[in-house]
Amino acid sequence: DRSNFGDTIFANLYLSPFEGLPLVLYFDNARPFFANPEDTTTELTYGQTLEAYFDRKGAFHAGYSKGLKGKQKEGAQDKIETFFADSVLENFIRLQTFCLLLDRYLADDHQLEILFAGYASPLADSTYNKRLTARRVASVINHFKAYNGGVLIPYFESGRLRILLDPRGEEYQPDVSDDPMNRRMAEFSPEASRMRRVVITEIRSASGEELKIENLGER
């Protein structure tokens, strides 16, 4: 249900140690796309990439269940539905909470650093995948900057909020195909889909202090 995008907040989370870390954000295959093959940035926000991803959910249902019948087909479609609901959408909602926590914590004059890691599935060569993961990281940074009308932009501009980039390219998973002719497993499977991600691995104070926000809903 895309009506949940941007308007659902979970309370009582922690920020470094943030109980939701690592926070994993998933992407469609080969997205965000590029205008130039050497592009490592994008103008899209993560939320925009996600809307387009959900528009393709039917293609994932059909692609992953292709050639299957009966209970096997139903099971494959259930796995896709569960992945989109419990992993893709759920973590987007948690990202919105994370942005809210950032805003409230930075308003108290803290300086924060966030570490991102980007990953891709093995369908392309490593050079392409490193550029792709950099674009994925850029879309999440754009999402931070667009959040709530740009309330986090002054913190970026002042240096009080810094992103440490670590686009890693592809990784090896023995159960994920790198055969472009096997689209069922290489593109549409939940296993391949879980490789296409940006992970917020760590958040820390620039001064090294422990950061914690509790009872957010009461504030």
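What follows draws every value from the coordinates through simple rules; no lab data is involved. What you see is a predicted model; the values in this text were computed from it and never measured. Neighbour counts run over all protein chains shown; Cβ positions are idealised from the backbone, glycine included.
Could you list which residues have their amide H under 5 Å from that of Arg162, counting only those 5 or more apart in sequence or on another chain, with H placed in the peptide plane?
Leu112, Glu113, Ile114
Identify the GluC sites (Glu not before Pro) of segment 21-63 meeting these criteria: DSSP loop state and at most 15 other C-beta atoms within 10 Å of the C-beta.
Hits after loop and neighbour filter: Glu38, Glu43.
Listed here are the pairs Lys73/Lys130; Lys69/Lys130; Lys66/Lys130; Lys57/Lys145; which of them are more than 32 Å apart at the Cα?
The answer is Lys73/Lys130; Lys69/Lys130.
Mind giving me the nanometre distance, one decimal, between the label points for Asn36 and Ala59, set 7 Å out from Cα along Cα→Cβ?
Going by the 7 Å Cα→Cβ label model, 2.6 nm.
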